Amino acid sequence: MIVTSLPIWVIDIVGSILMIVFSFLCLNLVRALRTRDQSNVIWTYLFWVILGLTGFAVSRSAGHILKQILVLSGHEPVWSTIRPYSGAINSVMFVFVASVTLFFERIWKIYRQISKDKQELQTVRDELLFVNQNLENLVAERARELAQSEHKYRRIFEVSRDMILVTRWDGKIINMNPAGYKIFGYRDTDVSFYQKSLADFFANPADWQEIQKIVERFGFVSNAEFSLRHREDKQIRVLVSGSLDDGLPDREPTIHFLIKDIEQRRLVEEQIAQADKLASIGQLSAGIAHEINNPLGIILGYTQLLIRNEPPETEKYNDLKTIEKHVRSCKSIVEDLLNFARSSKPNEDIIRVDEAIDDVLDFIQQHAGLEDIEVQKNYDASVPEMLLDEKKIKQVLMNLIMNAKHAIGKKGTLRISTGLKPSEGQVVVKIADTGHGIEKKNLARIFDPFFTTKPTGEGTGLGLSVSYGIIKNHGGDILVDSEVGQGSTFTIVLPLGLPNSRIRHAKINSYHR
Amino acid sequence: MQLQRYLQKIWLIGAIFLITEPAFATQAHNAPEGLYAHQLAHIFFIVSMGVLIYWLRERKLVQAVGWRYIQYAALFFILWNLDAFSVHLMEEQIPVIEVQRINPWEISITAADHSSALTWFYYAAKLDHLLCIPALLFLYFGLRRLLKETDTKTPGVIQP
């Protein structure tokens, strides 16, 4: 079959030229890709594939074009010489391109691994960069937080009302907060407690050893009650809590203590217990007094009837008078018991306390004598008139001043003062003596009925009980502070506040009298 | 003595190279080997392009337009290789086609069994650039797309 070779010729020539053109265009593109990211192995792979294809395209197309030219120009023998070389080069380029292409999967895996590693490196780099750029800020922020934390705990340490104390294992003080100084009776500028032994501040030296034993065994001590020595040689009851801090390996262990001053709480508890005890005794006394008072009244009445019909100076008359005297004495005691028990409502008189004190002092001056006793009076002029049972208040003042006189003995000083506490609505009367004082063991019992340190027959032991009852009946309180050899101070606290209407009513009653 | 020993060694080596007959140890490479090597290269090319298509699809790279074009390029290269392989087979290897140039613009194609279909198939197969040019065009557009996506930093340029 004879056919035209023109289409073959045209397509061969044009196709060969286009192959060269497009292969170079592809090479240019892949070079551009490599330029964008030279580390990308995929682009490198494509570059080698395209390079091989370009080489193939050039060798093949050049061969085809040359063939057509040589054949058409009648130089076929020349082409026959060149042909084996052209075919061999084409084969080599084929194999080259195919070989490189086969590596695609391996290259792809490498690329993914590199991308993954790159991503991780990038993440680490970003983190490092962030840390590097913000290290100063982070350090500053941490330092600020640390300072705030330190400040917070320092404030807790400084403003705590309880003693916070750090000691070595042997009790040597390392650090103590201001409350600790205060509990011991010092100011923090007075003295340094550093390296002083906590053991020396226990009232009982064995207490420290006991604490050490507990801490050694359990690692802590919790709310154990001990007594510490105050600067003024008095004892303070405290609750001790502490725990052992083993600390870092290169640091010796320390004990962190929290010591709570409970002295005031204990005193209040004791006062409450005392008040409860006196209230119970008062209740009992009132019951007994009521039962005895009536028979005594009958005995006294009949005795007085019998006396009336009996001529004086007879033996029977004297016997009846003795009975009358002792019955009256009994009635007086019963009356005192009733006063102590606060069973009777006090009268309401408007009086000035300082005037009442002066009246009592005058009375004692006249009947018992205060010649060798220096009386120092310090009245507060701002103390107003008060609504009190004048007779009973004077009885209280009489009891306290006579007790002071007996305590002073022959010579001494009696200080009487009044004071107004407007903020608390109270008037305070203080009667202080320089007598022998009251022993500590008796302090809790001095308001008990029939308790007396006087010899038998000199006192009934009802004076302070009655005074206590009267003051309590007025809504007040009576306190005592005494030191043996130094004297005693009795403090009467009376409430100031009364409704105006009640004052007006009381005044009217007083004028009518 | 030493000189004598050296002379003996030289004589012995010379005798081995000069006196012995040719052994024809190296294999001769005659004309058909070039054709077979070329045909095997075509097959190798087809296989490698097939493998490339397989991995492009396996790694789901063909979801990206650029790589999809490259896949098409590989497919056309396979077709072109099959075409070229067929022409070489018909022309030189079997051979079932005889071509004679009548004049510069005409040729005589004679099939072995005078089959018209085989003649026209051969004639069409000779237009192999109609397959390899599209292959290069797809390759060009694929690479251009990859470059464009790289420049716009589109995510998933290479990742499936």
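The values are calculated or read from the model by the stated rules, or taken from the named source; none is laboratory data. Nothing here was measured: the structure is a model prediction, and the numbers come from that model. Heads up, the Cβs are rebuilt from the backbone with ideal geometry, glycines too, and the neighbour counts pull from every protein chain shown. Side chains included, ligands, DNA and RNA excluded: accessible areas come from the protein's heavy atoms. Shrake-Rupley method; radii C 1.70, N 1.55, O 1.52, S 1.80 Å.
Compute the Cα gyration tensor for the range A:110-239, then decide on rounded, prolate or oblate, letting a ≥ b ≥ c be the square roots of its eigenvalues: rounded whenever a/c is under 1.5, prolate when a/b is larger than b/c in the other cases, and oblate in all that remain. Prolate, because a/c is 1.5 or more and a/b exceeds b/c. Each listed q (0.18, 0.24 Å⁻¹) maps to a log10 I(q)/I(0) for the range A:307-403, found by the Debye formula over equal Cα scatterers with no solvent: -0.96, -1.21.
If you keep only loop residues by DSSP, which trypsin sites (Lys or Arg not before Pro) in the range B:50-135 have at most 16 other Cβ atoms within 10 Å of their Cβ? Here the sparse-neighbourhood loop sites are B:LYS60. Note on A:VAL480 and A:ARG328: the model spin-label points, each 7 Å out from Cα along the C-beta direction, lie 3.0 nm apart.
Evaluate the relative contact order of the range A:1-79 (contact order divided by residue number), counting alpha-carbon pairs under 8 angstrom at least 6 apart; express in whole percent.
36 percent
If one computes the Cα centroid of the range A:1-31 and of the range A:125-190, what distance in Å separates the two points? So the two Cα centres are separated by 87 Å. Each residue, A:ASP358 and A:ARG106, gets one label point 7 Å from its Cα in the Cβ direction; the gap between the two is 12.6 nm. Taken per residue, the accessible surface of the protein assembly as shown reaches 59 Å², heavy atoms only and a 1.4 Å probe. In the range B:57-135, the convex hull through the Cα atoms has an average projected area of 6.9 nm², a quarter of its surface area. In the range A:8-28, burial by the other protein chains removes 40 Å² or more of 1.4 Å probe accessible surface, compared with the chain on its own, from A:ILE8, A:ILE11, A:MET19, A:PHE22, A:CYS26. Of the chymotrypsin sites (Phe, Trp or Tyr not before Pro) found in the range B:31-130, those in coil by DSSP whose Cβ has at most 12 other Cβ atoms within 10 Å are B:TRP105.
Take every pair of alpha-carbon atoms less than 8 Å apart whose residues are at least six positions apart; their mean separation over the length of chain A yields a relative contact order of 8 percent.
Would you mind computing Rg(Cα) / (2.2 N^0.38 Å) for the range A:1-151, counting N as its residues?
Cα Rg divided by the expected 2.2 N^0.38 Å: 1.97.
Pairs from the list A:LYS321/A:LYS411; A:LYS213/A:LYS260; A:LYS172/A:LYS441; A:LYS196/A:LYS260 with a Cα-Cα gap above 28 Å: A:LYS321/A:LYS411; A:LYS172/A:LYS441. Figure legend: label point modelled 7 angstrom from the Cα of A:SER197 along Cα→Cβ; residues of the range A:145-176 with amide N under 20 Å from it are A:165-176. Placing a label point 7 Å from the Cα of B:ASP151 along the Cα-to-Cβ line, the residues of the range A:36-53 whose backbone N sits under 13 Å from it are A:36.
Neighbours of A:SER488 by Cβ distance under 9 Å: Lys/Arg scored +1, Asp/Glu scored -1, total -3. Among the trypsin sites (Lys or Arg not before Pro) found in the range A:141-194, those both in a DSSP coil and sparsely packed, with 14 or fewer other Cβ atoms within 10 Å of their Cβ, are A:ARG161, A:ARG187.
Near A:LYS472, which aspartates and glutamates are there with a Cα under 16 Å away, not counting those fewer than 8 places off in the same chain? Those aspartates and glutamates meeting the cut-off are A:ASP276, A:ASP336, A:GLU348, A:ASP389, A:GLU390, A:ASP448.
For the pair the range A:60-101 and the range A:229-291, the centres of their Cα atoms are 117 angstrom apart. When the listed pairs A:LYS109/B:LYS126; A:LYS394/A:LYS421; A:LYS331/A:LYS392; A:LYS277/A:LYS430; A:LYS391/A:LYS440; A:LYS316/A:LYS394 are checked against a 28 Å cut-off, the alpha-carbon distance exceeds it for A:LYS109/B:LYS126; A:LYS391/A:LYS440; A:LYS316/A:LYS394.
Relative to its residue count, the range A:438-486 spans a Cα convex hull of 80 Å³ per residue. Once Rg and the Kirkwood radius are both taken over the C-alpha atoms of chain A, their ratio Rg/Rh works out to 1.62. Buried accessible surface for the A/B chain pair comes to about 4800 Å², total over both chains, computed with a 1.4 Å probe.
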